[in-house]
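Values in this text are rule-based calculations from the coordinates and carry no lab data. All values reported here derive from a predicted model rather than from experimental measurement. Note that each Cβ is placed from the backbone with ideal geometry, even for glycine, and that neighbours are counted across all protein chains shown.
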């Protein structure tokens, strides 16, 4: 047993994300609840003398709350995931940047209607995600492009239900040619979902 969560002591509760290693061999994940504000946290587990020590990377509850996707690192060691909003009806992609022993949160993307899905980076540092709404034209694949401290958004595809599916529902992956692959939960020829490819 590496770690048992204990919400009563300010720890996280109900871990929701898969685990991810950094280059030093430390483990990272996220909980949906618990932490300082009760809205979840990102944690780090560091191997120390045959044991594992937990560090809190970030407590949710100021702007963003209850992370719900797996975490991903970019090439610079910044952490990304998706979470809901606290006070407004927004959903966010969050970015955690290490700075002087702390982690600073930023929000490259927010949406009032659709839920961002799992995240993927390409080799150029562009970030890809989906919106999984079951409504036509709100179910998309999109790209976030970093530049000058900001992120530009480009919609790569809008799903139409009957022809190509609806509600993308899993992490996407790239092949060696830069083509992007994923699945949809609904739609397609029989209404039972599809596997799709998006070519640059």
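Of all DSSP-defined beta bridges confined to the range 117-200, some 95% are antiparallel rather than parallel.
Please give the peptides 155-168, 34-47, 95-108 ranked by average Cβ packing (other Cβ atoms within 10 Å per residue), highest first, as a rough proxy for protection.
Working: 155-168: 17.9, 34-47: 20.0, 95-108: 13.7.
Those peptides, ordered most packed to least, come out 34-47, 155-168, 95-108.
Report relative contact order for the chain in percent, whole number only (criteria: Cα-Cα under 8 Å, sequence separation at least 6). If you can, show how the numbers build up before the last one.
Numbers: 527 pairs, mean separation 20.4, N = 200.
Once normalised by length, the contact order is 10 percent.
A protection proxy built from the mean count of other Cβ atoms within 10 Å ranks the segments 116-122, 70-76, most packed first, as 116-122, 70-76. Once you sort the root eigenvalues of the Cα gyration tensor of the range 1-112 as a ≥ b ≥ c, which label holds: rounded (a/c under 1.5), prolate (a/b larger than b/c) or oblate (the other case)? Oblate shape, in that a/c is at least 1.5 and b/c is the bigger or equal ratio.
Debye-formula intensities of the range 115-186, expressed as log10 I(q)/I(0) at q = 0.15, 0.18 Å⁻¹, are -0.47, -0.67 (one equal scatterer per alpha-carbon, no solvent).
Summarised in one figure, the compactness ratio Rg/Rh of the chain, Cα atoms and Kirkwood Rh, is 0.99.
If the segment from residue 86 to residue 122 were pulled out straight at 0.36 nm per residue, it would be longer than the present Cα-Cα gap by 10.0 nm.
Which FRET efficiency value, to the nearest 0.05, is calculated for residue 114 and residue 23 with the Förster distance at 41 angstrom and r the Cβ-Cβ distance?
Details: r = 33 Å, r/R0 = 0.80.
Efficiency, rounded to the nearest 0.05: 0.80.
Let me have the relative contact order for the range 117-200, percent, based on Cα pairs under 8 Å that are six or more residues apart.
23 percent
The stretch between residue 104 and residue 173, if pulled fully straight at 0.36 nm per residue, gains 22.1 nm over its current Cα-Cα span. Spin-label model, residue 154/residue 198: points 7 Å from Cα along the beta carbon direction are separated by 1.1 nm. Averaging the sequence gap over all C-alpha pairs within less than 8 Å and six or more residues apart, then dividing by the number of residues, gives the range 1-112 a relative contact order of 17 percent. With both labels modelled 7 Å from their Cα along Cα-to-Cβ, the residue 78 to residue 55 distance reads 1.9 nm.
Give me the number: length gained by fully extending residue 8 to residue 36, i.e. 0.36 nm times residue separation minus the C-alpha to C-alpha distance, one decimal in nm. Mind dumping the intermediate values first?
On the way: separation 28, 0.36 × 28 = 10.08 nm, distance 1.02 nm.
Stretched out fully, the residue 8 to residue 36 stretch lengthens by 9.1 nm.
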